[in-house]
Each structure stands twice: as structure tokens, then as C-alpha cells.
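Down below is the structure, laid out as C-alpha cells.
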Amino acid sequence: MDFVYEAYDVAVIGAGHAGCEAALACARLGLETILFTISVESIAMMPCNPNIGGSSKGHLVREIDALGGEMGKNIDRTFIQSKMLNTSKGPAVHSLRAQADKALYSSTMRKTLENTDHLTIKQAEITDLIIEDGQIKGVKTDTGGIYPCRAAVLATGTYLRARCLCGEAVTYTGPNGLKAAGALSDSLRRLGIELVRFKTGTPARMDGRTIDTSKMVEQKGDRRIIPFSFTTDPDSIQKEQVSCWLTYTNEQTHQIIRDNLDRSPIYAGVIEGTGPRYCPSIEDKVVKFAGRDHHQVFLEPEGLYTNEMYVDGMSSSLPEDVQYRMYHTVPGLEHAKIVRHAYAIEYDCIPASQLRPTLEFKKIRGLYSGGQFNGSSGYEEAAAQGLIAGINAAMGLLGRQQLILRRSQAYIGVLIDDLVTKDIKEPYRMMTSRAEYRLFLRQDNADLRLTPIGHEIGLIDDERYEHFLEKKHMIEEEDKRVRSLMIGTGEPVQRFLREHGSQQTGKSLSLAELIRRPELSYDILKDLDPDRPSLPEAVTQQVEIGIKYEGYLVRQQKQVEKFHRMENKLIPEDIDYRQLHGLRIEAQQKLEKFRPLSIGQAGRIAGVTPADISVLLIHIMQINQEKAARAKAGKGDSGE
């Protein structure tokens, strides 16, 4: 028998990385929020890799933090190793990556949720959505409980109709053996929501006591640890770090895999879902890169209080007996004992073309979606979407303007724009190459780009914002100073330049002009700058990047301005593309499917050509002219 419980403003379904961010955002904005999870033990769980960040993903975490999200703070509290990646390249691709203590990461996030005002956690499976007149009105649990709500966020991750595959063995469970959710998929289909099947996988976990690390290459963390959160004091997190280890597969490993491909559900046709191209299983690597005689394998600790080691680079769905033989061919793993075998997991998710850029469903008001359910992969991608979905659910209920980040503003903007404007055929993974304005969208300046937005929304408090404004002021003042400070041509200066392999000069140059030289830097030039003020590294870093890359930044700014002109050309919401003469049939179909908000977004839809955009621009111009004429006529009739 159904029973109606207390009403909430927002119901969040799923407590993974997307659900946690969505629930916290809504509750922190003062909305009564209920967070549903199949198991409270799965809150912020890391069912796959034990790390946060990495190439491009580190950018997302910094942006989440700059907007007022929690992921960056949580990993700063729970990391066991930290490393800045891509430091040999330019600052646009520098990305922070931290190994997490999995259990501590989950329990710390749970503690944060449990101690957040306006937030209730409920262990229950949601089986049905209650929709009236195209508006979300409530959710229903498997035990018959009905929870009225005014908005809801779907963050179901990989749980919907999930099944795990290990060779011939198929178990109908979610990740880590937790209960799968089945009934909600049927409810969504009845509501007209299209679902697809995707898959992902995870490698085995080994008993660290049985691994011979003497045959591997040690991978240490950075000497100086840089935090993810802009609120974390770097000095407070300097600590002893654990090591990871690098080894390689070999021809013997690959032969065992080739001999047993017929037993892999991927190649036996058992798996229905599409897997991630950029994070392939070891079977896929051996088949698709047949010419390679080895692949990297990283052994990563799962935490400080467990011996489990994650075998990064060898995810698999091969049978357990094959896994034993395969893993034991890898140097250092010859006698390793498997704690948890590798498996693939299939699940229901949606083509995100059904969503607006706010992550609200086009067909159902008040229903939002975030995370892997939107066809993406990765903890960071999920958290970013969950944060935006939560913010917009709250903004909608509060009668405020919803947040849409542009591609020129944030990696989060690139991520969501790609999801809602492209036909995603496989789990989407964020990469630096997807961001066309990546020199602007660096991880080091995420706060300068997004903290004002987070403050306006209400997720950045006044105290933090004042600290931000102080940092911004210091950057501006130091930039002015180094541009105006002239360095003379005396012998001490010439000797300094010779010692650092820099061309001597016959005229005075500003400190900024010297900083631009590749062989010099802000730090190196301190001996020529005796009156230099004592400033935080985060401030001097921004000054140096702004000067060194000024020419590139100016060029990219022009590209951004052109991009904004197209984004500002809005398309009427009620436009009927089928009535536009001159549009090709394919363009009509694609535009009708995605319903872009602007000309810029329309131009990014596959199958819409520049010629189609020209037709669309002419039509919009005609509409605007007609509106202007009607407005003018109306004023004349009123005697104005």
C-alpha cells in the first residue's frame, strides 16, 4: 500500500559523485533536499580507479571547486599521493591528479552530507517518477513510499538494469556487487525517455603483500603538493605519500588473451552496450593495437588501511581462470593473489540530446539529469554535471536565471555542450583536445573564471569571495609593477643575463619583457628585482603566465569574441524547422532533435552545414524584422 511521506523541494536519485554534488548544491541554497541511494555504503563510492583528477579531469575538479562544489575539498582531505601531470608541456594542459584513500574519500563525503542543513539521506530504491502535466511532482520507492517534490535530479550512474560480466558468468548487480536498480528504467520509458546501453569495466584488485615491487618502477608523488581546492592551505597538506608502481604486459600476456577471446563477453557477442574508446579493456588493447608488444600497467594503492592494489591499465571481462593466468605473466605479479576479479558492467543511460544545456529534460519540467546516466564516464565528469544539475534545479525553484556555462568559460561548458549537441555513441570522456579555448581554460585560473559566478549563485560565501578579490587585486597590481619596472643595462645585469644564457641588451627593458624570454622566469629574475613584494605563488604564477603567453592569449581572445557573437544570436524557442525552405532534410531532422538555443550551438551539431546556418540566419533576421515592424506599428496605434 502506498504511503505519502513529507514533501521536499528537490529529490536527488543516486548518491555517487553526481548525486553528492547535486544534493549539496540544492541544500546549501536553502532548499529542502532528499538524497536517495540504494545503499548508504555506496555514497561517493569509487567502484573503479582510486584517483581524482588527471589530464583534463583535474580542470573539472578545479572548476567544481571554484563554483562552490565539494569534490576538490574532499580529495584534499583524503589523498595519499598527489602529482601534477604534463609539467613538461605548457600550462594549458597541466593537470593535477591525486590517489585517494577510497574508503576515507567515501566516508568523508558522507560525513559532509550528513552534517549539511536542509539535506536528508534516505536508503531506498526509486522505481517510479510521478509526472503531472509535464511537470515532476514526486518519486516513488520500491516499498511504496511516495515523496512529493518540486524538482528532481537523476544521478543513477551505472545502476539501471546493471549486469556484471566475467567470462561466461553474468550477475545482475551494480558495481562492487551492490543491488542493481531495474524498475526505474521501465518508468522512464513510459514517460517517453529514450534509453541506450553503455558499458564500462574495471580491472582486478591484488593483495599487495603478494606483489613483487622490486620488478617494477616506483612512481612517487610531487615533493611539493598542490591542493585541488582554492580554499585549502598548501602548507596544511604537505605529508608523506605512498608510492605507485609501473610494470608492463608482454607477449605471453597477449597470447593468453588472444587464445581466449572467444570466452570474452565483449567478443562473444554477449555484451550489448557500447564501451569507452579512450579507456579500453586489455582485450581491446591487444586486438586493436596488435603491433604493440607491451602495454603499461600501474599498481595503485586503494588506501592506507588496506592491502588492495588497483591494476590500472588491465580492465577485463575475461573469465576468472583466464585472469589468473593473464595477470601472472606480468613482471611483479607472478604470485599475486586476486582479491576482486575484473569485470565489465552494462547499464542503461540516456542520449543527452534529450536535455537542455541546463541539464533539464526538454519534455519534463523540473526533471534534471547528471553523471554517467547522461552517457559520460568518470567521477569528475559526473560531479561536474551533478553540480550544474543541482544548481539549475535550485535556480528554477527559486525563480532565478539558470546557469549555462559557455565553451569559452569552462571545461564544464565544453563537457555539457558536447553531451547535449552531439550524437554520443560511447561513454564520453573529457580531454584537453576537446576544449578549443584551452589556453584560457587552465586549471590554475579556474577561480578567476568561475568564483564570481559561484558567489552570485550563493555557493561561495562572502568571506571566501573577499579572499578571492584580494588575490585578484594582488595579481593586477603585480602585473602593473613588472610591466613598469625598468631594468638597466649595467654590468651586473649583463652578467646575470650571460649566466642564464639570455641575450644581453643595449637598452633598458621592463621586467615583463625579460619574463617573456623562454630561458627566464619570474622566479629567476628575483635577483634583478630587490624590492619585489612577498606574494603567494598562486599570484605570481598568474602574473607570469599572463605575460609569457600574452600574444597567444590576445589571439585566443579574438576567437572567443567571434564565438560569443554566434552564441548571442538566439534561435526562437517555437521555431518550426520543417517549415524552413532551403534547409536540407538532414538539417531539419537534427535541428528538430537537438533544439539548439543559439546559432553557435546549431553550428556544432553534426549534419548541420554552413549553408544550413546561412538559411537559419536569414530566417531569424526576417523574424526579428517582422517583430520590429509589429512593435513600431503598435506604438503608432497608441499615439506614441
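Kindly identify segment 529-640 as rounded, prolate or oblate by the Cα gyration tensor criterion: order the square roots of the eigenvalues as a ≥ b ≥ c, call it rounded if a/c is under 1.5, otherwise compare a/b with b/c, prolate if a/b is larger, else oblate. Write down the numbers at each step before the final one.
Values: a/c = 3.97, a/b = 1.92, b/c = 2.07.
It comes out oblate by the Cα gyration axes.
Can you sort 262, 293 by 1.4 Å-probe accessible area, starting with the largest?
Values: 262 115, 293 95 Å².
Result, largest first: 262, 293.
With a/c under 1.5 counting as rounded, go ahead and sort segment 228-365 into rounded, prolate or oblate using the C-alpha gyration tensor (a ≥ b ≥ c being the square roots of the eigenvalues; past the cut-off, prolate if a/b is larger than b/c, else oblate).
Working: a/c = 2.28, a/b = 1.12, b/c = 2.04.
Oblate, since a/c reaches 1.5 and b/c is not below a/b.
Quote the relative contact order of segment 482-595 in percent (integer), defining contacts as alpha-carbon pairs under 8 Å separated by 6+ residues.
Details: 65 pairs, mean separation 20.2, N = 114.
Relative contact order comes out at 18 percent.
Taking the dipole about the Cα centre of segment 29-76, with the C-beta of Lys and Arg at +1 and of Asp and Glu at -1, give me whichever of 66, 50, 38 is farthest to the positive side.
Checked the options; the winner is 50.
Just add up the charged neighbours of residue 572: K/R +1, D/E -1, any other residue whose Cβ is under 13 Å from the Cβ of residue 572. Don't jump to the answer; show the numbers that get you there.
Details: positive: 569, 595, 627; negative: 573, 574, 576, 626.
Net charge around residue 572: -1.
Please work out whether segment 1-69 counts as rounded, prolate or oblate from its C-alpha gyration tensor, where a ≥ b ≥ c are the square roots of the eigenvalues and a/c under 1.5 means rounded, while otherwise a/b larger than b/c means prolate and anything else oblate?
Numbers: a/c = 4.28, a/b = 1.62, b/c = 2.64.
Since a/c reaches 1.5 but b/c is at least a/b, the shape of segment 1-69 is classed as oblate.
If each DSSP helix of 4+ residues adds -39,500 (n - 2.57) and the sum is divided by the residues in the chain, what number results at 222 nm, nearest 500 deg cm²/dmol?
Numbers: 19 runs with 229 residues, N = 640.
One gets -11000 deg cm²/dmol as the mean residue ellipticity at 222 nm.
In whole Å, how far is the Cα centre of segment 218-234 from that of segment 83-140?
Taking the Cα centre of segment 83-140 as reference, the centre of segment 218-234 is 22 Å away.
Would you work out which of 103, 126, 629 lies farthest towards the positive end of the dipole of the chain, given +1 charges on the beta-carbon of Lys and Arg and -1 on that of Asp and Glu, about the Cα centre?
Looking along the dipole axis, the top candidate is 629.
What span do the alpha-carbon atoms of segment 447-604 cover on each of the three principal axes, reported in whole Å from largest to smallest?
Principal-axis extents of segment 447-604 (Cα, largest first): 76, 40, 19 Å.
Treating only the Cβ atoms of Lys and Arg (+1) and Asp and Glu (-1) as charged, compute the dipole magnitude of segment 48-109 about its Cα centre; round to the nearest 20 debye.
Values: 8 positive and 5 negative charges, 42 e Å.
Once rounded to the nearest 20, the dipole reads 200 debye.
Which one of 533, 243, 231 has its Cα pushed farthest toward the positive end of the charge dipole of the chain, where Lys and Arg give +1 and Asp and Glu give -1 at the Cβ?
Farthest along the dipole direction, towards plus: 533.
Run the dipole for segment 83-212 about the Cα centre, Lys and Arg Cβ at +1, Asp and Glu Cβ at -1, nothing else charged, and hand back the magnitude in debye, nearest 20. All intermediate terms of the calculation are to be shown ahead of the outcome.
Numbers: 19 positive and 13 negative charges, 76 e Å.
Value, rounded to 20: 360 debye.
Please report, to two decimal places, log10 I(q)/I(0) for segment 1-152 at q = 0.10, 0.11, 0.18 Å⁻¹ as given by the Debye formula with identical point scatterers on the Cα atoms and no solvent.
Taken in order of the listed q values, log10 I(q)/I(0) reads -0.41, -0.49, -1.02.
In this model, which of 57/590; 425/590; 73/239; 362/422; 73/111; 239/472 are farther than 18 Å apart at the alpha-carbon?
On the way: 57/590 30 Å; 425/590 16 Å; 73/239 16 Å; 362/422 16 Å; 73/111 13 Å; 239/472 29 Å.
Check vs 18 Å cut-off fails for 57/590; 239/472.
Find how much the distance from residue 235 to residue 433 grows on full extension, using 0.36 nm per residue of separation minus their present alpha carbon separation; answer in nm with one decimal.
Values: separation 198, 0.36 × 198 = 71.28 nm, distance 3.28 nm.
Extra length available between residue 235 and residue 433 comes to 68.0 nm.
Can you pull the one-decimal nm distance between simple spin-label points at residue 516 and residue 579, each 7 Å off the Cα toward Cβ?
Distance between the two pseudo-spin positions: 5.6 nm.
Given the C-alpha atoms of segment 167-295, compute the convex hull and give its volume per residue in Å³.
Numbers: hull volume 28.9 nm³, N = 129.
Roughly 224 Å³ of hull volume per residue.
Given 0.36 nm per residue, what is the gain on full extension from residue 172 to residue 461 after removing their alpha carbon distance, in nm? List each step's numbers first, then the result.
Numbers: separation 289, 0.36 × 289 = 104.04 nm, distance 4.43 nm.
So the chain would gain 99.6 nm between residue 172 and residue 461.
Roughly how big is the chain's charge dipole about its Cα centre, with Cβ charges of +1 (Lys, Arg) and -1 (Asp, Glu), in debye to the nearest 20?
Numbers: 81 positive and 86 negative charges, 327 e Å.
Once rounded to the nearest 20, the dipole reads 1580 debye.
Students often get this wrong: which residues of segment 585-610 have the backbone nitrogen under 11 Å from the point 7 angstrom along Cα-to-C-beta of residue 618?
none
Cα centroid distance between segment 1-68 and segment 493-561, in Å?
Value for the Cα centre distance between the two parts: 43 Å.
Take the Cβ-Cβ distance between residue 550 and residue 401 as r, set R0 to 25 Å, and report the resulting FRET efficiency rounded to the nearest 0.05. Please report the intermediate quantities before stating the final value.
Numbers: r = 33 Å, r/R0 = 1.34.
In this case the efficiency is close to 0.15.
Between residue 132 and residue 306, what is the spin-label point distance in nm, taking each point 7 Å from the Cα along the Cα→C-beta axis?
Label at residue 132, label at residue 306, 4.5 nm between them.
The values are calculated or read from the model by the stated rules, or taken from the named source; none is laboratory data. Note that this is a predicted model, so its numbers are computed, not measured. Note that we place each Cβ from the backbone using ideal geometry, even for glycine, and neighbour counts take in every protein chain shown. To get the accessible areas, we keep the full protein, side chains included, count just its heavy atoms, and leave off ligands, DNA and RNA. Shrake-Rupley method; radii C 1.70, N 1.55, O 1.52, S 1.80 Å.
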